[in-house]
Structures are given as C-alpha cells and as structure tokens.
Amino acid sequence: MSLPPWKLLAEELDRWNAAGRRLALWLRDDDAVAPSPALDRLSGLAEDFDVPVLLAVIPMQARPDLAPALRAMPQLLPCQHGVTHRNHAAATGKKSEFGPERPADQVDSEIAQGQERLHDLLGDAVLPVFVPPWNRIDPGHASRLGTL
C-alpha cells in the first residue's frame, strides 16, 4: 500500500531535518480582501512556523479594515492580485483578467490604478509583486510589468 502524498512529504522533511538540512520556502494565499477567521488562522500558522506568506490582495475589492488587520500580521506580506479579479476572456477561453484580447493601454492603466489603490490602503507594506488572477497573463502584458 502506498503512502498518501502528505505522509511522504512529512517523512522526507524528517530526513532533511535529521541530516541538518533546511528547506527555505514561502507560501501564497490568494483573493484577500478583508479580515476573516481564515486570515487569522493563516497568520497564526505563519507565526507558529515562522513562514512568510505572500498575500495576494485584490486591489479594487480590498476593504479599508484589511490595513489595520495586516499591520498585526507581520508574516503576511501583501502584493497585488490583479485589479478587479474579473474574467475578460471569451466564453470558450481560459479565465484571464489580462489576456491578449485586451488593449495594452487599458491593461496598463488598470494595473496602475490597482497599484495606487493598494498603496493608498496598505502603504509601503505592499511588495512589488504582481500575481495575475488564475495565474494567467498575456506575455505582452507581462513584459511591461517592470515599468509599471
């Protein structure tokens, strides 16, 4: 009988620990917009295990009460998760907020507005990381992120 994947992972990490090896990792949580019991649990786990979590925040959905909550959660590191998290793809296509069918100037303007909204809400706590919803962004749009 084969072991479940999590059991195999736990055993491998135990072997690493016994050999004095460390595994550096980070976690990501998506779609943050407001304080919640789930966010509290995530923060507690991050603190207990001293593991930072990249918190992908949807700028135009984020509520003002997220800011004071995150100030008390230092292991949760906010970044920009799209703008509105709205699918613009054709009905037959894979979901994407920033697909090839969208004009570059419109995409750039929206991303900049989202960035400004997050900085207004969360200040310097926002990391310069862009996480596209559904992990999809047209390569042409992605190529301009550095300048945004």
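Which loop-located chymotrypsin sites (Phe, Trp or Tyr not before Pro) does segment 1-42 contain, where loop means any DSSP state but H, G, I, E or B and the Cβ has at most 12 other Cβ atoms within 10 Å? Don't jump to the answer; show the numbers that get you there.
Numbers: sites: Trp6, Trp16, Trp26; in loops: Trp26.
In loop regions of segment 1-42 (DSSP not H, G, I, E or B), the sparsely surrounded chymotrypsin sites (Phe, Trp or Tyr not before Pro) are Trp26.
Once you have the Kirkwood Rh of segment 9-113 from its Cα pairs, apply Stokes-Einstein at 20 °C and 1.002 mPa s and quote D in µm²/s.
Rounded to a whole number, D works out at 132 µm²/s.
Computing the accessible area with a 1.4 Å probe over protein heavy atoms, can you report the carbon and sulfur percentage for segment 7-56?
It is 56 percent, rounded to a whole number.
For the chain, what is the accessible area per residue in Å², given a 1.4 Å probe and the full set of protein chains?
Ligands and nucleic acids excluded, the figure is 62 Å² per residue.
Can you check how the C-alpha radius of gyration of segment 75-148 compares to 2.2 N^0.38 Å, as a plain ratio?
Numbers: Rg = 12.4 Å, N = 74, 2.2 N^0.38 = 11.3 Å.
So segment 75-148 has a normalised radius of gyration of 1.10.
Can you tell me which of 7-14, 31-38, 51-58 comes out highest on packing, and rank the rest after it, using the mean Cβ neighbours within 10 Å? Please report the intermediate quantities before stating the final value.
Values: 7-14: 11.0, 31-38: 14.2, 51-58: 20.5.
With the highest mean Cβ count within 10 Å placed first, the list reads 51-58, 31-38, 7-14.
For the chain, with a Gaussian network of springs between Cα atoms less than 10 Å apart, report the residue from Leu42, Leu23, Leu122 with the top mean-square fluctuation.
With Cα springs under 10 Å in the chain, the top fluctuation among Leu42, Leu23, Leu122 is at Leu23.
Where the accessible area of segment 63-148 is counted over protein heavy atoms with a 1.4 Å probe, how much of it, in %, is carbon and sulfur?
Details: 2540 of 4690 Å².
Carbon plus sulfur share of accessible area: 54 percent.
Could you work out the relative contact order of segment 1-121? I mean the mean sequence separation of Cα pairs under 8 Å and 6+ apart, divided by the number of residues, in percent.
Numbers: 129 pairs, mean separation 25.5, N = 121.
Relative contact order, segment 1-121: 21 percent.
Under 5 Å between amide H atoms, partner at least 5 residues away or on a different chain: which partners does Asp31 have, H built in plane at 1.01 Å?
Amide H neighbours of Asp31, under 5 Å, 5+ apart: Ala56, Ile58.
Which far-off residues, 5 or more places away or on another chain, put their amide H under 5 Å from the one on Ser96, with H placed in the peptide plane?
Sorted by chain and number, the residues that satisfy this are His88, Ala89.
The values are calculated or read from the model by the stated rules, or taken from the named source; none is laboratory data. Just so we're clear, the structure is a prediction, and the values are computed from it rather than from any experiment. Cβ sites come from the backbone with ideal geometry, for glycine too, and all protein chains shown count toward neighbours. These area figures cover heavy atoms from the full protein model, side chains too; ligands, DNA and RNA do not enter into them. Shrake-Rupley method; radii C 1.70, N 1.55, O 1.52, S 1.80 Å.
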